[in-house]
1. What number results when the radius of gyration of region A:24-183, computed over Cα atoms, is divided by 2.2 N^0.38 Å?
2. Any idea what the relative contact order of region A:226-299 is, in percent, if you count C-alpha pairs under 8 Å spaced at least 6 apart?
3. Quick one: of the DSSP bridges fully inside region B:2-169, what percent are antiparallel, nearest 5?
4. Which residue fluctuates most in the GNM of chain A (Cα springs below 10 Å): A:Gly47, A:Gly262, A:Gly324?
5. Report, in degrees rounded to the nearest 10, the 0 to 90 angle that the Cα long axis of helix A:93-106 makes with the longest principal axis of chain A.
6. Below 25 Å, Cα to Cα, which lysines can B:Lys105 reach? Residues fewer than 8 away in the same chain don't count.
7. So, in Å, what gap is there between the alpha-carbon centers of region A:154-183 and region B:12-67?
8. Please list, or write none, the lysines whose alpha carbon is within less than 16 Å of the alpha carbon of B:Lys223, excluding same-chain residues fewer than 8 places away.
Protein chains: 2
Amino acid sequence: MKAVIVTVGTELLFGQTVDTNAVYLSQQLQLLGIDVMYRHTVGDNPGRIRRILDLSYEDCDLVITTGGLGPTQDDITKEIVTEALGDALAVHDETEQAIRGFFAKAKRPMTENNLRQAMLPTRADVFANRHGTAPGFALETDGRIAICLPGPPREMKPMFEECAAPYLRARCGGTIHYRMVRTFGIGESALEAAISDLISAQTDPTLATYAKDGECSIRVASKRADEAEARQAVCSMLETLHGRIGEYIFSDDNEELAAVVGKRLIERNISVSCAESCTGGMFAQSLTGTPGISAVFDRGFVTYSNAAKAEELGVSPAVIEEHGAVSRETALAMARGALSASGSRLAISATGIAGPGGGTEEKPVGLVYMACIFDGKEMCESIRARNNGRSWIRSYAVLHMLSMILRAIEDADS
Amino acid sequence: MKAVIVTVGTELLFGQTVDTNAVYLSQQLQLLGIDVMYRHTVGDNPGRIRRILDLSYEDCDLVITTGGLGPTQDDITKEIVTEALGDALAVHDETEQAIRGFFAKAKRPMTENNLRQAMLPTRADVFANRHGTAPGFALETDGRIAICLPGPPREMKPMFEECAAPYLRARCGGTIHYRMVRTFGIGESALEAAISDLISAQTDPTLATYAKDGECSIRVASKRADEAEARQAVCSMLETLHGRIGEYIFSDDNEELAAVVGKRLIERNISVSCAESCTGGMFAQSLTGTPGISAVFDRGFVTYSNAAKAEELGVSPAVIEEHGAVSRETALAMARGALSASGSRLAISATGIAGPGGGTEEKPVGLVYMACIFDGKEMCESIRARNNGRSWIRSYAVLHMLSMILRAIEDADS
């Protein structure tokens with residue numbers, strides 16, 4: 001099957017919105033074994049959308065669009081696609097009820113234009129939208145398939161995975177199985193060097209590495225006629241990877257580090273608290289993203305001022321005076337303070353210089369001290385994060401804090 | 001002038017490389033007042049590249065390509081463009097000398113295919129490549145312009161700025177000025193209804209609305225012969241918008257709400273602290289993203305457990321017993337507790353149900369109470385956020401907290 005991705009929206013052409021949908025869909029189609037021939041971005045213009053559709057069906061059989069399904073006047077993708085594939089729009093009762101229910105439940109007034117979203121091609125396979133009001137759909141005419149998905153990534157991605165992918169899987173032969181292995185603590189070049197022979201020798205499964213925000217991932221994929229065979233091939237490659245670089249792997253299933261740590265703490269029933277300076281609540285926010293974390297997360301302190309460090313965590317002004325707020329000693333005192341305030345089994349702290357100001361020769365922007373105490377055992381580490389900006393430094397420090405917790409728990413186990 | 005951006009390269013279609021060139025060129029062309037009608041990505045396939053060129057010149061006069069100018073066999077953009085515009089390739093002496101010089105200087109052996117890069121359209125304006133070997137060029141035939149640039153961003157961007165931009169500036173009149181207005185507290189449909197007459201009547205300036213993560217933005221753009229005129233047109237439209245929906249506007253300059261609030265607090269020197277339950281540190285994290293915020297942000301409490309609310313903030317267990325942890329009374333007690341612990345002028349709190357578990361009929365997932373106290377004046381509000389998932393509810397609550405702070409400061413001013 002040959003595919004074309006069409007992202008619709010005048011705002012995309014201004015370059016103010018980065019088109020993450022196109023990249024996501026490219027990756028997903030590849031995983032399904034579907035070749036992408038073109039990617040187009042076009043404004044909310046009927047003639048141009050139509051011209052792109054006609055061009056696409058000249059030598060491709062699948063067009064996936066995102067955007068232009070909303071309630072407003074410039075949302076016209078659905079109309080053009082329906083026309084191009086020789087169908088007509090009609091009210092889709094189930095969708096109309098869902099939209100009315102959505103607004104009733106949210107106790108928000110529904111405007112007439114919201115109901116435009118219930119108009120769908122008569123022959124469509126309708127994809128319900130769990131995260132918004134605009135449904136998506138698949139429409140096939142004489143071997144030409146169109147799949148129309150909403151523009152917002154948080155609506156589009158689940159709809160692709162839950163509706164469009166099964167629809168496509170049923171239509172194309174072979175099966176791809178893949179796992180996304182996530183690592184922290186090893187750079188992309190070092191990672192590639194550690195597995196370069198596996199990458200060079202690859203036929204199936206294939207290996208691809210990706211670096212993102214201080215983490216590296218490895219995609220292990222196998223395409224076979226048989227699902228079980230593909231799984232088995234991926235599985236034995238995972239074993240090889242764990243033998244080589246197991247200490248850096250925190251997930252074989254594309255989980256976020258915070259989610260892995262949150263789940264681990266919940267499973268082991270380890271109560272936890274935190275004390276943050278430079279990360280400013282980002283650690284707490286990150287860990288409390290895990291559903292059910294309230295069973296173990298007790299409290300967090302964001303102690304920005306020195307007074308706050310003293311009053312909330314009992315950090316002695318003398319320690320700050322002597323070693324500075326950004327020091328091993330302050331980090332340890334903060335973690336100890338969080339522990340004694342909360343009575344939890346594990347406490348973690350961070351104090352550093354996130355920039356852009358505040359750096360010195362001796363203590364540059366990017367320097368962060370972190371302490372972790374678990375069942376009385378203390379560890380303290382420092383990093384010098386690359387100065388890729390305030391937000392990057394803070395995120396990287398949080399990843400490091402999470403990895404310290406993982407290691408503290410593993411050390412206690414062994 | 002109407003433009004099309006074509007990024008060439010099979011690797012782009014796999015979705016492993018994010019196509020930053022397309023976004024960069026969109027922005028640059030907009031700054032030149034050139035409208036981008038399409039963005040295409042196509043593999044290294046002669047037939048498909050040609051089809052895209054032909055489609056482009058149907059209703060546009062400028063095509064900018066990136067990629068496919070290198071020395072290898074699959075670098076074919078130059079050939080196809082030259083053919084499409086009715087020219088032929090010939091050796092460009094200056095370029096040949098430059099390539100020979102490049103390899104001599106780098107003391108690297110030059111292969112014959114490197115000299116392919118010295119073959120250029122006979123009528124081209126050649127753009128020298130200061131960062132690599134492949135030159136770019138502009139070629140015009142009967143009002144159809146093609147500009148071909150190399151693929152690597154570090155070669156492409158300087159070549160665009162130094163060669164392509166001056167080439168284009170000489171050929172097009174007019175200039176675009178635009179502002180991005182950000183709002184919170186009004187849905188996209190309601191926003192459009194409030195300004196639908198302005199949208200319908202638009203010729204210049206044009207208005208476009210975008211919804212994202214609980215916020216709505218309006219882009220106001222004017223294209224005029226004269227820069228000052230365009231600015232003036234945008235400016236008076238901004239006044240109209242402020243007259244209509246001013247209470248929802250927090251920025252005329254595409255700033256994040258957290259950044260606007262952070263800057264306001266710093267300017268006014270208003271010390272601030274926070275107490276968070278369901279938002280789990282996300283408010284603190286969001287506010288402390290602002291550089292320099294340490295001048296006013298004192299401390300934050302993430303009080304997840306009831307014990308933490310009592311011990312850190314002095315929330316009376318009787319209040320929680322009687323009204324529940326998610327209640328107006330608890331939210332107010334949390335803000336009061338943060339205030340008295342920190343001695344800051346402003347305190348803000350949030351307590352709610354972020355889900356997925358924990359909701360009841362009476363207190364459903366998405367219900368959040370928030371209190372803000374500023375110079376002794378207390379306000380308390382509740383929202384029922386759409387259940388778009390834990391992360392969305394938390395983010396939405398944080399935006400609402402930020403908007404409460406803005407309103408508290410404005411109320412105090414008036």
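None of the figures in this text is laboratory data; all of them are computed from the coordinates on show. Since this is a predicted model, take the numbers as computed values, not measurements. No Cβ is skipped: glycine too gets one built from the backbone with ideal geometry, and neighbour counts run over all protein chains shown.
1. 1.06
2. Normalised by residue count, the contact order of region A:226-299 is 29 percent.
3. Approximately 40 percent, going by the DSSP bridge assignments.
4. Maximum fluctuation in the GNM of chain A, among the listed residues, is at A:Gly47.
5. 30
6. Reachable lysines: B:Lys157.
7. Their Cα centres are 28 Å away from one another.
8. B:Lys2
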